[in-house]
Each structure stands twice: as structure tokens, then as C-alpha cells.
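The values are calculated or read from the model by the stated rules, or taken from the named source; none is laboratory data. Just so we're clear, the structure is a prediction, and the values are computed from it rather than from any experiment. So basically every Cβ, Gly included, is an ideal-geometry build from the backbone, and we count neighbours across all protein chains shown. What goes into the accessible areas is simple: the full protein's heavy atoms, side chains included, and nothing from ligands, DNA or RNA. Shrake-Rupley method; radii C 1.70, N 1.55, O 1.52, S 1.80 Å.
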Amino acid sequence: MEAITTSRVVPVQLPCRKLSSLFANSSCIELRRYPCRGLVSIMNHPKLLRPVTASVQPQELSALGHESNVVPSKEIIDLWRSVEAVCFDVDSTVCVDEGIDELAEFCGAGKAVAEWTARAMGGSVPFEEALAARLSLFKPSLSKVEEYLEKRPPRLSPGIEELVKKLRANNIDVYLISGGFRQMINPVASILGIPRENIFANNLLFGNSGEFLGFDENEPTSRSGGKAKAVQQIRKSRLYKTMAMIGDGATDLEARKPGGADLFICYAGVQLREAVAAKADWLIFKFESLINSLD
């Protein structure tokens, strides 16, 4: 894994209210039993949820030192227009929240977990170490996860639905690659019309009584370098000539390597991670920049 220095996280103020309304047309969560040791994992969520588009206040460009990649070169624009597949990070990119932070806050351990998340996204600790440490702080039970999914609808970043629709209209395949959990990403994929087989994410494991047991360590995204491996796996299996990765963190930047993504676009509309933004091919604050460039 390429060493990445710790970055300063500059949060963007979200003027929207916390939402606690129940999902529309929600049904019972389907459970699938693993054949080994009686583990139970939530794999599917209600078929369709009412999306919530959050209001985001982007950073002022005058406060940044990355003007050189805010305005992309002709070569970068041409590369973006030639992509055959786009891989999106989910937390703080497709959605305005960090899913594990929100779940932890719901379970009463928000502050401690958020501190670990900042370290993990800045690249200062191995991802698998940060993931295990965060989950150990609150050990979410099956019932608590069910309650969270029932009461907290996904908050989508402004413009993401339009961008995904535009990409699909242009016959560009879309993937979600996340260090978060399938339990919270499946509903997002349903809203955006992204097939489940195009999701690469982690999976919470529970015992027969609903007790928290851990996470599936066989998922590539459960460890450092996992997103890069997922992108490489996608490219190799689908024979894409050109791919892009869009995200906000160090693990997203890692995906731009030989055999992986050709283009890394840093989305800083929610979080500006300076060390990551400085190395991006293109730094954006609104998805409209990408939508307009496809016309």
C-alpha cells in the first residue's frame, strides 16, 4: 500500500435537519443464514426507499490550495468522457454521511468512532485495524441495525442521482465500492438503480440470537488496499479499457494504480481531505461538473 500522510479533514457544514422519519413502503428485512456456524447476516433491505437529498455547503475555492486540479486539463476531460465504468465510494460521496459513524451515533458511541474514521480515511492507520476498532466500540446488534435502517433513510449527495442517470444513459456501468456495510448500501443501490452484483462492500455478521459477531473478513474492502483490488477485479472480469474512481478518501485514491482506475476524481462536496485532494486528477465540489462535461 502506498504510504499516505495524515491529512487534515475540513468538514463541510450541513445545514439540513437530522431526519428521523420512517422509510416509505418499508417491509421486513430479509435474513439469509450462512451455512457455517449458524451465522446470520442481513443481506437485503426493503426494495425501494424514499431518497433524501441533503443540502451541502461546498468549501470556498479561495480557502484551498488545489486550484491546479479544480480546473481539469483537456486530457483529463477526454479521459473522463472515454470511461466505460465508474466506481463510486459511498460514504461522504454518494451519501453525505459516514455510515459507520451514523450507526455508531445511533448506538451511543458516535464521537469515539468518528475519531477512528478520520484516521482511517486520512490513511494514517490500516483500514482493517480501524474497522475492527470502530465496531468493537459499540458492537451493533441485529435489532439495533434493523432499528437504524428503519429510522434513518439514506441522505444522498446533491446531484448524484442525476449523475448516475446520465452515466447509465451513456451506457457507462456504475459500481459502488465501499468500506461501509452492505446493510446500509443496498438501499442506496436500489434508489440509484445499481444492481446488487455491482456492490463491493463489507458485511456485518450476527449470531442466531442477533448478537454482533464481527464482519466478513473475506470481503476485499475489509482491509487496506481492498478498494484497489476490487477495481482491479472488476476491470479484469469485464475487460474495461478505461475506468474512473470517485471518492473522498485515501482508500479511494489507492484504486488509481496499474490494472485499476485510470482516473481518480476527488469529491470534496462533503469532506475535504487535503492530502487526498492534492493527489487527485480532478478535484470537484459538485457533481454537476461531471454531468456537464459529459454533454
Problem - Unmet criterion (only one of (1) within 21 Å of E150 (Cα to Cα); (2) open to solvent by less than 10 Å² (accessible area, probe 1.4 Å); (3) part of a strand (DSSP E or B)) for L205 - result: (2)
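For every residue, the table says whether it meets (1) at pLDDT below 95; (2) over 22 Å from A228 (Cα atoms); (3) part of a loop (DSSP other than H, G, I, E, B).
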| position | (1), (2), (3) |
| --- | --- |
| L137 | yes, yes, no |
| L163 | no, yes, no |
| Y175 | no, no, no |
| G180 | yes, no, no |
| I194 | no, no, yes |
| E197 | no, no, no |
Handout entry: When residues of segment 256-295 are limited to those that are of a type in the set (D, E, K, R), farther than 24 Å from R235 by Cβ and in a loop (DSSP other than H, G, I, E, B), the one farthest from the chain's Cα centre (by Cα)
Key = D295
Practice task
Only one of these is under 20 Å from D97 (Cβ atoms) and free of Cβ contacts under 8 Å to residues at least 60 places away in the same chain: I194, I177. Name it.
Solution key: I194
Problem - Residue check for E146: at negative phi and open to solvent by 30 Å² or more (accessible area, probe 1.4 Å) - result: yes
Problem - Filtered residues of segment 96-119 (kept if open to solvent by 10 Å² or more (accessible area, probe 1.4 Å) and not in a helix (DSSP H, G or I)) - result: D97, E98, C107, G108, A109
Completion exercise
Of the candidates K236, K166, the one satisfying the condition of being without any contact (Cβ under 8 Å) to a residue 40 or more places away in the chain, within 26 Å of G259 (Cα to Cα), open to solvent by 10 Å² or more (accessible area, probe 1.4 Å) and over 16 Å from the mean Cα position of the chain (by Cα) is K236
